[in-house]
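Beneath this line is the structure, given in C-alpha coordinates, with notes to follow.
The values are calculated or read from the model by the stated rules, or taken from the named source; none is laboratory data. Please read these numbers as outputs of a predicted model, since none were measured by experiment. Cβ placement follows ideal geometry from the backbone for every residue including glycine, while neighbour counts extend to all protein chains displayed.
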Amino acid sequence: MPETQNSDSNYLISYRALRRAIGMIGIALPIVLVFGENQFGKPGILDSISSYYWSDSMRDVLVGSLCAIGVFLGAYRGDRDLDVPAGRLACIFAIGVALFPCSKPLEPRAWYNYVHYISAAGLFLSLAYFCLFSFTKQDTGTDPTPKKPLRNRVYVTCGVIILICIAAIAILGIFPPESSVKNYVFWLEASAIWAFGWSWYIKGKGLGIIQG
(Lines give C-alpha, C1' and ligand atoms only; values in the text may rest on other atoms or scores of the structure.)
Protein backbone atom coordinates (compact mmCIF):
# COMPACT_ATOMS: atom_id res chain seq x y z
CA MET A 1 0.00 0.00 0.00
CA PRO A 2 2.73 2.55 0.89
CA GLU A 3 4.43 1.74 -2.44
CA THR A 4 1.20 2.54 -4.31
CA GLN A 5 0.81 5.83 -2.44
CA ASN A 6 4.43 6.73 -3.13
CA SER A 7 3.95 5.90 -6.84
CA ASP A 8 0.82 8.10 -6.98
CA SER A 9 2.70 10.91 -5.27
CA ASN A 10 5.56 10.70 -7.76
CA TYR A 11 3.04 10.66 -10.61
CA LEU A 12 1.42 13.88 -9.34
CA ILE A 13 4.79 15.57 -8.89
CA SER A 14 5.88 14.60 -12.41
CA TYR A 15 2.58 15.76 -13.87
CA ARG A 16 2.83 19.10 -12.14
CA ALA A 17 6.44 19.46 -13.25
CA LEU A 18 5.35 18.83 -16.86
CA ARG A 19 2.72 21.55 -16.59
CA ARG A 20 5.20 24.00 -15.07
CA ALA A 21 7.76 23.21 -17.76
CA ILE A 22 5.23 23.96 -20.51
CA GLY A 23 4.26 27.17 -18.75
CA MET A 24 7.81 28.37 -18.24
CA ILE A 25 8.66 27.90 -21.91
CA GLY A 26 5.62 29.96 -22.89
CA ILE A 27 6.35 32.72 -20.38
CA ALA A 28 10.00 32.97 -21.37
CA LEU A 29 9.69 32.67 -25.16
CA PRO A 30 8.74 36.27 -26.16
CA ILE A 31 11.24 37.72 -23.68
CA VAL A 32 14.10 35.49 -24.82
CA LEU A 33 13.39 36.21 -28.50
CA VAL A 34 13.47 39.98 -28.04
CA PHE A 35 16.46 39.96 -25.70
CA GLY A 36 18.45 37.55 -27.86
CA GLU A 37 17.74 39.40 -31.10
CA ASN A 38 18.78 42.70 -29.55
CA GLN A 39 21.96 41.17 -28.22
CA PHE A 40 23.01 39.11 -31.23
CA GLY A 41 20.99 40.47 -34.14
CA LYS A 42 19.19 43.69 -34.94
CA PRO A 43 17.85 46.10 -32.28
CA GLY A 44 14.12 46.54 -31.79
CA ILE A 45 11.13 44.21 -31.86
CA LEU A 46 10.12 42.32 -35.00
CA ASP A 47 6.62 42.44 -36.48
CA SER A 48 5.51 39.17 -34.88
CA ILE A 49 6.72 36.21 -32.86
CA SER A 50 6.72 34.18 -36.07
CA SER A 51 9.03 36.71 -37.76
CA TYR A 52 11.85 35.53 -35.51
CA TYR A 53 12.03 32.45 -37.74
CA TRP A 54 13.90 34.67 -40.18
CA SER A 55 16.33 35.83 -37.50
CA ASP A 56 19.72 34.19 -37.87
CA SER A 57 20.27 34.40 -34.12
CA MET A 58 16.83 33.40 -32.78
CA ARG A 59 15.43 30.95 -35.35
CA ASP A 60 16.62 27.88 -33.48
CA VAL A 61 15.23 29.21 -30.20
CA LEU A 62 11.80 29.76 -31.74
CA VAL A 63 11.65 26.42 -33.55
CA GLY A 64 13.09 24.50 -30.59
CA SER A 65 10.67 26.08 -28.13
CA LEU A 66 7.65 25.39 -30.31
CA CYS A 67 8.71 21.78 -30.85
CA ALA A 68 9.30 21.33 -27.10
CA ILE A 69 5.85 22.75 -26.34
CA GLY A 70 4.40 20.46 -29.00
CA VAL A 71 6.05 17.35 -27.58
CA PHE A 72 4.95 18.20 -24.04
CA LEU A 73 1.37 18.81 -25.18
CA GLY A 74 1.37 15.60 -27.19
CA ALA A 75 2.41 13.70 -24.06
CA TYR A 76 -0.20 15.40 -21.90
CA ARG A 77 -3.12 13.20 -20.85
CA GLY A 78 -5.25 15.25 -18.44
CA ASP A 79 -8.46 14.09 -16.82
CA ARG A 80 -11.11 15.14 -19.32
CA ASP A 81 -12.22 13.13 -22.35
CA LEU A 82 -11.11 15.86 -24.75
CA ASP A 83 -7.73 16.51 -23.10
CA VAL A 84 -5.88 13.81 -25.05
CA PRO A 85 -7.15 14.79 -28.54
CA ALA A 86 -6.75 18.48 -27.69
CA GLY A 87 -3.16 17.85 -26.61
CA ARG A 88 -2.37 15.88 -29.73
CA LEU A 89 -3.92 18.52 -31.97
CA ALA A 90 -1.97 21.22 -30.12
CA CYS A 91 1.19 19.17 -30.68
CA ILE A 92 0.54 18.95 -34.42
CA PHE A 93 -0.30 22.64 -34.64
CA ALA A 94 2.76 23.73 -32.60
CA ILE A 95 5.09 21.72 -34.81
CA GLY A 96 3.23 23.05 -37.86
CA VAL A 97 3.92 26.62 -36.73
CA ALA A 98 7.58 25.72 -36.24
CA LEU A 99 8.14 23.92 -39.54
CA PHE A 100 5.98 26.08 -41.83
CA PRO A 101 7.09 29.69 -41.24
CA CYS A 102 5.34 32.91 -42.12
CA SER A 103 6.47 34.58 -45.32
CA LYS A 104 9.75 36.42 -45.22
CA PRO A 105 9.31 40.17 -44.61
CA LEU A 106 8.81 42.24 -47.79
CA GLU A 107 8.31 39.10 -49.89
CA PRO A 108 5.03 37.74 -51.39
CA ARG A 109 3.13 35.17 -49.37
CA ALA A 110 4.22 31.63 -50.09
CA TRP A 111 2.00 28.53 -49.82
CA TYR A 112 3.50 27.55 -46.45
CA ASN A 113 2.36 30.88 -45.05
CA TYR A 114 -1.25 29.65 -45.05
CA VAL A 115 -0.26 26.42 -43.31
CA HIS A 116 1.47 28.59 -40.71
CA TYR A 117 -1.64 30.72 -40.11
CA ILE A 118 -3.95 27.71 -39.84
CA SER A 119 -1.53 25.99 -37.45
CA ALA A 120 -1.17 29.10 -35.29
CA ALA A 121 -4.95 29.58 -35.05
CA GLY A 122 -5.45 25.88 -34.24
CA LEU A 123 -2.73 25.99 -31.60
CA PHE A 124 -4.18 29.01 -29.80
CA LEU A 125 -7.72 27.57 -29.92
CA SER A 126 -6.42 24.32 -28.43
CA LEU A 127 -4.67 26.24 -25.67
CA ALA A 128 -7.83 28.25 -24.98
CA TYR A 129 -9.72 24.97 -24.55
CA PHE A 130 -7.40 23.91 -21.73
CA CYS A 131 -7.83 27.25 -19.94
CA LEU A 132 -11.61 27.44 -20.27
CA PHE A 133 -12.78 23.84 -20.06
CA SER A 134 -10.06 21.60 -18.64
CA PHE A 135 -8.16 23.51 -15.97
CA THR A 136 -11.34 24.85 -14.39
CA LYS A 137 -12.36 21.29 -13.42
CA GLN A 138 -11.05 19.47 -10.37
CA ASP A 139 -8.17 17.06 -10.95
CA THR A 140 -9.04 13.42 -10.39
CA GLY A 141 -7.92 12.14 -7.01
CA THR A 142 -7.60 15.60 -5.46
CA ASP A 143 -9.87 17.64 -3.19
CA PRO A 144 -10.94 21.24 -3.89
CA THR A 145 -8.95 23.87 -2.03
CA PRO A 146 -10.22 27.26 -0.82
CA LYS A 147 -8.43 29.12 -3.63
CA LYS A 148 -9.71 26.91 -6.44
CA PRO A 149 -12.38 29.50 -7.43
CA LEU A 150 -9.64 32.16 -7.65
CA ARG A 151 -7.51 29.93 -9.86
CA ASN A 152 -10.53 29.22 -12.04
CA ARG A 153 -11.01 32.95 -12.58
CA VAL A 154 -7.36 33.18 -13.62
CA TYR A 155 -7.76 30.27 -16.05
CA VAL A 156 -10.89 31.79 -17.59
CA THR A 157 -9.19 35.17 -17.88
CA CYS A 158 -6.21 33.56 -19.63
CA GLY A 159 -8.53 31.71 -22.02
CA VAL A 160 -10.45 34.88 -22.86
CA ILE A 161 -7.19 36.77 -23.44
CA ILE A 162 -6.06 34.09 -25.90
CA LEU A 163 -9.36 34.26 -27.80
CA ILE A 164 -9.37 38.07 -27.89
CA CYS A 165 -5.78 38.16 -29.14
CA ILE A 166 -6.31 35.71 -32.00
CA ALA A 167 -9.55 37.49 -32.98
CA ALA A 168 -7.73 40.84 -32.95
CA ILE A 169 -4.90 39.44 -35.08
CA ALA A 170 -7.43 38.14 -37.61
CA ILE A 171 -9.32 41.45 -37.73
CA LEU A 172 -6.17 43.53 -38.01
CA GLY A 173 -4.96 41.23 -40.77
CA ILE A 174 -8.07 42.10 -42.77
CA PHE A 175 -8.21 45.76 -41.75
CA PRO A 176 -4.62 46.81 -40.97
CA PRO A 177 -4.46 50.02 -38.93
CA GLU A 178 -2.99 53.15 -40.42
CA SER A 179 -0.16 53.46 -37.95
CA SER A 180 3.60 53.64 -37.89
CA VAL A 181 3.58 50.89 -35.26
CA LYS A 182 4.31 47.64 -37.10
CA ASN A 183 4.77 45.16 -34.27
CA TYR A 184 1.23 45.10 -32.85
CA VAL A 185 0.94 41.45 -33.95
CA PHE A 186 3.99 40.66 -31.82
CA TRP A 187 2.34 42.12 -28.72
CA LEU A 188 -0.94 40.32 -29.37
CA GLU A 189 0.86 37.02 -29.93
CA ALA A 190 3.07 37.61 -26.88
CA SER A 191 0.00 38.34 -24.73
CA ALA A 192 -1.67 35.12 -25.87
CA ILE A 193 1.52 33.12 -25.25
CA TRP A 194 1.95 34.66 -21.78
CA ALA A 195 -1.69 33.84 -20.94
CA PHE A 196 -1.09 30.26 -22.05
CA GLY A 197 2.20 30.06 -20.13
CA TRP A 198 0.87 31.43 -16.86
CA SER A 199 -2.22 29.19 -16.95
CA TRP A 200 -0.08 26.06 -17.33
CA TYR A 201 2.45 27.23 -14.74
CA ILE A 202 -0.31 27.86 -12.21
CA LYS A 203 -1.97 24.54 -13.04
CA GLY A 204 1.37 22.91 -12.20
CA LYS A 205 1.16 24.35 -8.67
CA GLY A 206 3.41 27.27 -9.49
CA LEU A 207 2.80 30.78 -8.12
CA GLY A 208 2.21 29.71 -4.54
CA ILE A 209 0.26 32.84 -3.63
CA ILE A 210 -2.87 31.48 -5.34
CA GLN A 211 -2.40 27.85 -4.35
CA GLY A 212 -4.04 26.26 -1.35
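Quick look at the values:
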{"read-out": "When residues of the stretch 28-77 are limited to those that are within 22 Å of His116 (Cβ to Cβ), part of a helix (DSSP H, G or I) and more than 18 Å from the chain's Cα centre (by Cα), the one modelled with the lowest pLDDT", "value": "Trp54"}
{"read-out": "Only listed residue being assigned to a helix (DSSP H, G or I) and either more than 13 Å from the chain's Cα centre (by Cα) or crowded, with 21+ Cβ neighbours inside 10 Å (or both), chosen from Arg88, Arg80", "value": "Arg88"}
{"read-out": "Filtered residues of the stretch 42-62 (kept if β-branched (Val, Ile, Thr) and over 22 Å from Tyr201 (Cβ atoms))", "value": "Ile45"}
{"read-out": "Which numbered condition Tyr155 fails, given (1) surrounded by fewer than 16 Cβ atoms within 10 Å (Cβ to Cβ); (2) free of Cβ contacts under 8 Å to residues at least 60 places away in the same chain", "value": "(1)"}
{"read-out": "Condition check for Leu18: at pLDDT below 90, among the hydrophobic types (A, V, I, L, M, F, W, C) and closer than 19 Å to Cys131 by Cβ", "value": "yes"}
{"read-out": "Subset of the stretch 21-70 [surrounded by 21 or more Cβ atoms within 10 Å (Cβ to Cβ) and acidic (Asp, Glu)]", "value": "Glu37"}
{"read-out": "Evaluation of Pro105 against (1) free of Cβ contacts under 8 Å to residues at least 12 places away in the same chain; (2) touching a helix residue (DSSP H, G or I) at 6+ places or on another chain (Cβ under 8 Å); (3) closer than 26 Å to Val61 by Cβ (one fails), failing number", "value": "(1)"}
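Residues are listed down the side, and each one gets a yes or a no for (1) crowded, with 20+ Cβ neighbours inside 10 Å; (2) modelled with pLDDT under 95; (3) β-branched (Val, Ile, Thr):
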residue: Ala128; (1), (2), (3): yes, no, no
residue: Leu132; (1), (2), (3): no, no, no
residue: Thr142; (1), (2), (3): no, yes, yes
residue: Leu163; (1), (2), (3): no, no, no
residue: Ala170; (1), (2), (3): no, yes, no
residue: Val185; (1), (2), (3): yes, yes, yes
residue: Leu188; (1), (2), (3): yes, no, no
residue: Ser199; (1), (2), (3): yes, no, no
residue: Gly204; (1), (2), (3): no, yes, no
